[in-house]
Amino acid sequence: GAGVSQSPSNKVTEKGKDVELRCDPISGHTALYWYRQSLGQGLEFLIYFQGNSAPDKSGLPSDRFSAERTGGSVSTLTIQRTQQEDSAVYLCASSTGQGQPQHFGDGTRLSIL
Amino acid sequence: RKEVEQDPGPFNVPEGATVAFNCTYSNSASQSFFWYRQDCRKEPKLLMSVYSSGNEDGRFTAQLNRASQYISLLIRDSKLSDSATYLCVVNFYSTLTFGKGTMLLVSP
């Protein structure tokens with residue numbers, strides 16, 4: 001079956017622009033996570049959606065970052081007024097529920113010039 | 001203290017060697033545990049869950065010591081294709097915390 005799908009695969013943009021990253025989770029997975037990974041670093045948790053519950057936004061690094069999940073499926077991560085330190089790979093994962101193994105998409109490699 | 005700690009490595013081993021990775025975690029109430037592997041410039045992929053009684057999957061054996069808050073992964077008869085970064089992952093309610101990973105390089 002289809003895995004987690006993320007788009008775009010790569011995004012290069014100028015500092016100060018807004019970007020939107022998309023994640024389409026595995027069908028039937030109720031939990032969706034966003035992480036980012038800078039070069040040579042571990043995964044940094046950003047935000048978690050579970051069903052219709054309020055998302056856990058505790059990992060968002062600043063108010064320039066926001067995410068939504070429409071209809072309990074597709075999610076969009078938006079970064080406003082991008083900065084060079086936002087350059088990283090943004091990974092989306094989904095799972096069947098809290099505490100279950102997560103399955104990752106291929107990620108979006110974001111480069112801010 | 002970092003929540004999940006791993007030796008960053010790299011561990012350089014010849015084919016056929018046995019190699020062990022260790023991981024410690026700080027939250028004693030952590031509920032579930034996993035090992036993931038991540039190839040260079042790729043996404044993490046689940047390798048195996050870790051159960052209290054210890055579990056084995058082919059050449060891979062995972063063990064958990066809750067009292068010591070310690071997780072291990074043993075790889076026997078290592079293959080070139082085992083070269084990757086191995087991530088220790090700890091779950092507490094909705095949060096999965098990833099270690100920074102241990103890099104393994106298996107050489108011919």
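Can you tell me what the convex hull of the Cα atoms of segment B:17-108 projects to on average, as an area in nm²?
The orientation-averaged projected area of the Cα hull of segment B:17-108 comes to 5.9 nm².
Which peptide among A:9-19, A:91-101, A:43-53 comes first, and what is the full order, when sorted by highest mean count of other Cβ atoms within 10 Å?
A:91-101, A:43-53, A:9-19
Counting DSSP beta bridges with both partners in chain B, what percentage is antiparallel, nearest 5?
90 percent
How would you order A:63-71, A:81-89 from highest to lowest mean count of nearby Cβ atoms within 10 Å?
Packing proxy ranking, top to bottom: A:81-89, A:63-71.
In Å and whole numbers, how far do the C-alpha atoms of segment A:39-105 stretch along each principal axis, longest first?
34, 25, 19
When chain B is treated as a GNM, springs tying every alpha-carbon pair under 10 Å, which of B:Ala62, B:Ala20, B:Ala84 comes out with the largest mean-square fluctuation?
B:Ala20
If the cut-off is a Cα-Cα distance under 15 Å, which aspartates and glutamates reach B:Lys100, setting aside same-chain residues fewer than 8 apart in sequence?
Once the sequence-local aspartates and glutamates are set aside, what remains near B:Lys100 is A:Glu44, B:Glu3, B:Glu5, B:Asp7, B:Asp39, B:Glu43.
Over the whole of B:89-102, what's the average partner chain Cβ count within 10 Å per residue? Rounded to a whole number, please.
5
Given the convex hull over the Cα atoms of the protein assembly as shown, what projected area results after averaging over all orientations, in nm²?
The Cα convex hull of the protein assembly as shown, projected and averaged over all directions, gives 12.7 nm².
B:Ala67 versus A:Gln80, label points 7 Å from Cα toward the beta carbon: distance in nm?
A separation of 5.3 nm, rounded to one decimal place.
Once label points are set 7 Å from the Cα along Cα→Cβ at both A:Glu14 and B:Lys45, what is their separation, rounded to one decimal in nm?
4.0 nm
Could you give the Stokes-Einstein D for segment B:1-59 in µm² per second, using the C-alpha Kirkwood radius, 25 °C, 0.890 mPa s?
177 µm²/s
Can you give me the Kirkwood hydrodynamic radius for segment A:1-71, using every pair of distinct Cα atoms, in Å to one decimal?
The Cα-based Kirkwood calculation yields 13.8 Å.
Hey, got the average number of other protein chain Cβ atoms within 10 angstrom for residues in B:15-22?
Average per residue, whole number: 0.
None of the figures in this text is laboratory data; all of them are computed from the coordinates on show. The shown structure was predicted, so the numbers you read here are calculated from the model rather than taken from an experiment. All Cβ positions, even for glycine, are placed from backbone atoms using ideal geometry, and neighbour counts span all protein chains on display.
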